[in-house]
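Have a look at the structure below, then the notes.
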Amino acid sequence: MHHYRVRLALESPLATPLHSGTLFGHLCWAWRELEGEHSLAAWLDGLGEKPFLISDGFPAGWLPRPLLAPGPRQAIPADARERREFLRKIKARKQARWIRRDDFLKVRAAVSPAALDERAADAPSLEQVSLPHNRIDRRTAQTLEEGGLYYVQERWPRGENAFFDVYIGADLAAERLKRLFEHVGMTGYGRDATWGRGRFRVTAVEEEHELFAFTGNRRMSLSHGSLTPNMLDPLYRAETHLGRLGNWLARCEQPFKFPLLLLQPGATFRPDGDGPFGELLDNVHPSPPDGLRIRHNAWHLTVGYREAEGS
């Protein structure tokens with residue numbers, strides 16, 4: 001298996017987060033349009049033996065902060081001012097969701113809550129913009145007089161925060177990956193792609209050796225994936241994924257998939273075996289159009305680390 005880092009430069013707002021399963025779906029559509037449906041079907045049928053592992057899209061140079069068990073409980077100061085400052089710092093550490101890639105590489109041989117707290121930082125984030133929309137009454141083709149207005153969130157790139165990294169573990173050549181990602185970036189990713197949302201450039205597809213070279217006694221997920229029995233002693237935050245069909249299937253009578261309960265990136269666990277971890281979920285749609293087989297990539301792309309003694 002080859003490991004790659006794909007650097008994306010956003011050229012328009014994002015209306016859909018760069019989640020691993022959604023990215024995988026867009027790459028499948030790109031494969032179909034570039035190489036044909038039979039080629040895509042053959043590749044998908046072979047994923048049982050050669051999984052395609054993909055991460056979420058992260059701010060360039062950053063990784064999710066690994067979830068650890070809480071460290072030793074500290075005494076709360078008696079003085080009111082010191083107590084407020086103490087609790088403020090605890091809250092800030094709990095909210096810190098990111099770590100610089102270089103910092104993770106420095107501490108991964110002995111990861112502890114204290115080591116992560118020393119490197120707590122805020123990753124560059126996209127500016128969030130709320131856009132108002134009107135609901136349409138299908139009987140009258142007019143807007144509703146009451147309760148018709150709702151808002152959707154878009155993420156707008158600004159300067160350095162427009163660059164994202166996606167990590168891949170797969171038996172594919174870099175040239176093919178670049179071609180697939182470029183096709184997605186040209187046609188648009190996620191919601192409102194026909195309005196120009198989700199456009200990006202691929203600035204680099206490079207082999208990533210350093211990040212995936214360490215084994216350790218625990219692993220951290222870089223993906224939205226499912227929990228499987230070979231993931232022991234897991235620590236995670238769960239998220240409900242409300243997916244829908246893409247491309248021309250979005251216009252079918254039932255575009256919505258079943259809700260999926262997935263682990264967010266940053267989940268950690270003790271591996272039982274070499275993986276893969278998570279799974280390629282089948283039967284995720286209540287009534288697949290034209291008898292199609294609808295699947296969701298809930299595999300985890302993971303990196304290893306060693307938990308410090310006494311953590």
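For every helix of n ≥ 4 consecutive DSSP H residues, a contribution of -39,500 (n - 2.57) applies; sum these over the chain, divide by its total residues, and give [θ] at 222 nm rounded to the nearest 500 deg cm²/dmol.
On the way: 6 runs with 67 residues, N = 311.
So the helix-based figure for the chain works out to -6500 deg cm²/dmol.
For LEU292 and GLU309, the difference between the fully extended length at 0.36 nm per residue and the C-alpha to C-alpha distance is 1.1 nm. With contacts taken as Cα pairs under 8 Å and at least 6 residues apart, the stretch 43-103 reaches a relative contact order of 49 percent. Close amide-amide hydrogen proximity is noted between ALA110 and ARG306, each under 5 Å apart and 5 or more residues distant or on a separate chain (H modeled in the peptide plane; Pro and chain starts excluded). From the coordinates of this entry, Rg and Dmax of the Cα atoms in Å is computed, and it appears in (i) 19.5, 61; (ii) 21.2, 70; (iii) 30.1, 90 under the label (ii). Given their separation in residues at 0.36 nm each and the Cα-Cα distance between them, ASP117 and ASP79 gain 11.3 nm when the chain is fully extended.
Looking at the chain alone, DSSP beta bridges between its own residues are antiparallel in about 95 percent of cases.
What lysines sit close enough to LYS89 to cross-link, taking a C-alpha to C-alpha distance under 30 Å and skipping anything fewer than 8 places away on the same chain? Leaving aside lysines fewer than 8 places away in the same chain, those within reach of LYS89 are LYS106. First measure r as the distance between the Cβ atoms of MET186 and GLU35, then evaluate 1/(1 + (r/R0)^6) with R0 = 22 Å and state the FRET efficiency to the nearest 0.05. Calculated transfer efficiency: 0.90. May I ask you to derive the FRET efficiency for TRP195 and ASN230 from their Cβ-Cβ distance with R0 = 41 Å, giving the value to the nearest 0.05? The formula returns an efficiency of 0.45 here.
Tell me, what is the percent relative contact order of the chain, built from C-alpha pairs under 8 Å that lie six or more residues apart? Don't jump to the answer; show the numbers that get you there.
Working: 615 pairs, mean separation 89.2, N = 311.
With pairs under 8 Å counted, the relative contact order is 29 percent.
Between GLY275 and any residue 5 or more places off or on another chain, the built amide H atoms are never under 5 Å apart. Each residue, ASN247 and LYS94, gets one label point 7 Å from its Cα in the Cβ direction; the gap between the two is 4.5 nm.
Once the other residues with Cβ under 14 Å from the Cβ of LEU34 are scored (Lys, Arg +1; Asp, Glu -1), what is the net sum? Could you put the intermediate results ahead of the total?
Values: positive: ARG32, ARG176, LYS178, ARG179; negative: GLU33, GLU35, GLU37, GLU175, GLU182.
Neighbourhood net charge equals -1.
According to the Kirkwood expression over distinct Cα-Cα pairs, how big is the hydrodynamic radius of the stretch 202-246, in Å? Averaging 1/r across every pair of different Cα atoms and inverting gives 14.3 Å.
Mind checking the dipole of the stretch 1-73: about its Cα centre, +1 per Lys or Arg Cβ, -1 per Asp or Glu Cβ, Debye to the nearest 20? Kindly include the intermediate steps, with their values, before the conclusion.
Working: 6 positive and 7 negative charges, 115 e Å.
With Lys and Arg at +1 and Asp and Glu at -1, about 560 debye.
When each of the peptides 157-170, 199-212 is scored by how many other beta carbons lie within 10 Å of its residues on average, the order from highest to lowest is 157-170, 199-212.
Please give the contour-minus-distance gain from LEU47 to HIS2: 0.36 nm per residue of separation, less the Cα-Cα distance, rounded to one decimal in nm.
Details: separation 45, 0.36 × 45 = 16.20 nm, distance 1.46 nm.
This chain segment gains 14.7 nm when fully extended.
Throughout, read-outs are computed from the coordinates displayed, never taken from laboratory work. Fair warning: this is a prediction, and the values are worked out from it, not measured in the lab. Neighbour counts run over all protein chains shown; Cβ positions are idealised from the backbone, glycine included.
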